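To start, the structure itself, in structure tokens.
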Amino acid sequence: MGSALPEGIQRSLVALRAKGRTLPVGEVAQRLLALDARPPLPLARRLVAGLLGRAPNALPETLEPTELRLPAETRAARLSLADAAFAVVDLETTGLSRQNDAIIEIGAVRVRAGRLEDRFETLVRPPGPGPLSSAIVSLTGIEDHMLLDAPPLHRALERFRRWLDVTPGAIWVAHNARFDHGFLSRAFEAQWGAAPRVAVLCTQRMSRRLMPKLGRYNLDHLCAQFGIRNRARHRALGDADATARAWVELLVLAEQAGHRSVGDLLDLQDAPTRRRRKRR
């Protein structure tokens, strides 16, 4: 475990990688930290090395795009797709705000070598008084009485962490991963002071790049494309299971396109997509 970088810096890293060219370490430091000017080389090396978890004296004067990764991404990037383990995660929450809303269900499926292995599922009793909104009850089918005997978040996270620890370094996968990863990172930070340092892949972003003509990229449309039946839509394990099955299909497409490693997928995920022109 370790402190995660702020989202702004992570987005800047993605933008710098997407440039696809070598960059002076001074420019990297300036852009990542929004400095007015490029710092001197020794200082730039210390700043960038600290962000990337590397030794300053081992950092070259110019950095390749593949070097602009977080430590967990660097470790994961070396894995072949055949050797990598993936934890496909889905959450149900009381709303969309990480600050104001709470997790009420966690579901996850482990994927290795193109196969779905074991699964994790738990309801979560939200903190504080107040019933679930009618919109959430209608969407998920989760009602207040179902959460009365559910574990509180810290207990649910302990169980989930033990499940994750079976495959240390597993890459997290989710549909619209920013949502699920954001909620879980905040929850882990509140519980243990730090979020897991993991590589994260998004089935929504990946399908946009591997299936550019699909048109719509919500989970229902993606599953329909692959003939996947979601047996429990808008329940955490149901959506995690459907996402995991879609992920296996996307891995096949990725390998057919010549992608062989997790690093290839991280690069593909960061690659810009062509915007469709609006019809007049």
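Here is how the numbers come out for the structure above:
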read-out	value
Index of the failed condition, Ala236 passing every other in (1) surrounded by fewer than 18 Cβ atoms within 10 Å (Cβ to Cβ); (2) aliphatic (A, V, I, L, M); (3) under 23 Å from Thr122 (Cβ atoms)	(1)
Residue check, Gly263 out of contact with any strand residue (DSSP E or B) (no Cβ under 8 Å at 6 or more places or on another chain) and surrounded by fewer than 12 Cβ atoms within 10 Å (Cβ to Cβ)	no
Test result for Gly107, surrounded by 17 or more Cβ atoms within 10 Å (Cβ to Cβ) and under 25 Å from Val248 (Cα atoms)	yes
In the range 157-186, residue least open to solvent (accessible area, probe 1.4 Å) [restricted to those that are in a loop (DSSP other than H, G, I, E, B) and of a type in the set (Val, Ile, Thr)]	Thr167
Selection from the range 208-235 of residues that are farther than 19 Å from Arg115 by Cα, in contact (Cβ under 8 Å) with a residue 24 or more places away in the chain and assigned to a helix (DSSP H, G or I)	Arg208, Arg209, Leu210, Leu219
Candidate set from the range 120-156 (those that are open to solvent by 40 Å² or more (accessible area, probe 1.4 Å) and hydroxyl-bearing (Ser, Thr, Tyr)); member that is nearest to Leu184 (Cα to Cα)	Ser133
Residue within the range 38-46 that is open to solvent by 50 Å² or more (accessible area, probe 1.4 Å), out of contact with any Gly (no Cβ under 6 Å at 6 or more places or on another chain) and under 19 Å from Thr74 (Cβ atoms) present	yes
Residue selected from the range 1-37 under the condition among the small types (Gly, Ala, Ser) and under 19 Å from the mean Cα position of the chain (by Cα), by the criterion most open to solvent (accessible area, probe 1.4 Å)	Ser3
Residue, nearest to Leu214 (Cα to Cα), within the range 255-280, restricted to residues that are at pLDDT 75 or above and assigned to a loop (DSSP other than H, G, I, E, B)	Thr273
Matching entry among Arg75, Arg112, Arg98, Arg54 (being open to solvent by 60 Å² or more (accessible area, probe 1.4 Å), modelled with pLDDT of 95 or more and of a type outside the set (A, V, I, L, M))	Arg112
Residue match in the range 164-172 (condition: of a type in the set (Phe, Trp, Tyr) and either modelled with pLDDT under 95 or within 16 Å of Arg119 (Cα to Cα) (or both))	yes
Hits in the range 57-72 - residues which are closer than 24 Å to Glu255 by Cα, in a helix (DSSP H, G or I) and either open to solvent by less than 30 Å² (accessible area, probe 1.4 Å) or touching an Asp or Glu at 6+ places or on another chain (Cβ under 8 Å) (or both)	Pro65, Thr66, Ala72
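The values are calculated or read from the model by the stated rules, or taken from the named source; none is laboratory data. Computed from a prediction, not measured in an experiment: that's the story for all the values here. Don't worry about glycine lacking a Cβ; one is built from the backbone with ideal geometry, like all the others, and counts go over all protein chains shown. Keep in mind that these areas ignore ligands, DNA and RNA; they rest on the heavy atoms of the full protein, side chains included. Shrake-Rupley method; radii C 1.70, N 1.55, O 1.52, S 1.80 Å.
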